Amino acid sequence: MNRPFNDPGREAILLRVLWMLVFVLVWQVAQFLLGALVLVQLIHRLVQGAPNAAMMTFGDSLSRYLAQIGRFGSFHTEQKPWPFSDWPQARPADGEAAYDAGAARPVAEEPKP
């Protein structure tokens, strides 16, 4: 049983396939950025003795963005990732304390109320 070409379900899946192809390309760019960030963060950690807070935050949100792409691509969700939804927020760090350039030493994260 072949569905007619103008079937709304067929159009929806074709549109989704196009979005999935776009997000595969976005995935490749984001994956490269995350890899570069990991290397720069490692160098920063070796030189300064602690990771950079801004890179920690961006790295976490970028990895969560990659997870959103994976969830959309595997049909786990219908919600398209950024820019169709909000950029993922970074979670609080649970690893090493970040480097504070002003104090020139690692600082512990402030407790959240």
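The values are calculated or read from the model by the stated rules, or taken from the named source; none is laboratory data. In this text the structure is predicted, and so the values were computed from the model without any measurement. Quick reminder, even Gly has a Cβ in these numbers, built from the backbone with ideal geometry, and neighbours come from all protein chains shown.
Out of contact with any helix residue (DSSP H, G or I) (no Cβ under 9 Å at 6 or more places or on another chain) and surrounded by 10 or more Cβ atoms within 10 Å (Cβ to Cβ): is that true of residue 33 in this structure?
Taking the combined requirement at face value, the residue does not satisfy it.
List every residue pair whose Cβ atoms lie under 8 Å apart, where the two residues are 6 or more positions apart in sequence or sit on different chains, the first residue falls within the range 83-98 and is within 19 Å of residue 46 (Cα to Cα), and the second residue, located anywhere, is charged (D, E, K, R).
Between residues of the range 83-98 that are within 19 Å of residue 46 (Cα to Cα) and residues that are charged (D, E, K, R), the close pairs are 93/60; 93/109; 96/45; 97/109; 98/109.
Please indicate, with yes or no, whether at least one residue in the range 38-49 is touching a Gly at 6+ places or on another chain (Cβ under 8 Å) and modelled with pLDDT of 95 or more.
So far as the range 38-49 goes, yes, one or more of its residues are touching a Gly at 6+ places or on another chain (Cβ under 8 Å) and modelled with pLDDT of 95 or more.
Which number in (1) free of Cβ contacts under 8 Å to residues at least 40 places away in the same chain; (2) farther than 16 Å from residue 85 by Cβ; (3) hydrophobic (A, V, I, L, M, F, W, C) marks the one condition that residue 53 misses?
The failed condition is (1).
Quick check: is even one residue across the range 62-71 modelled with pLDDT under 95 and crowded, with 16+ Cβ neighbours inside 10 Å?
Looking through the range 62-71, none of the residues is modelled with pLDDT under 95 and crowded, with 16+ Cβ neighbours inside 10 Å.
Taking the range 86-103, which residues are under 12 Å from residue 56 (Cα atoms), at pLDDT below 75 and assigned to a strand (DSSP E or B)?
Matches in the range 86-103: 99 only.
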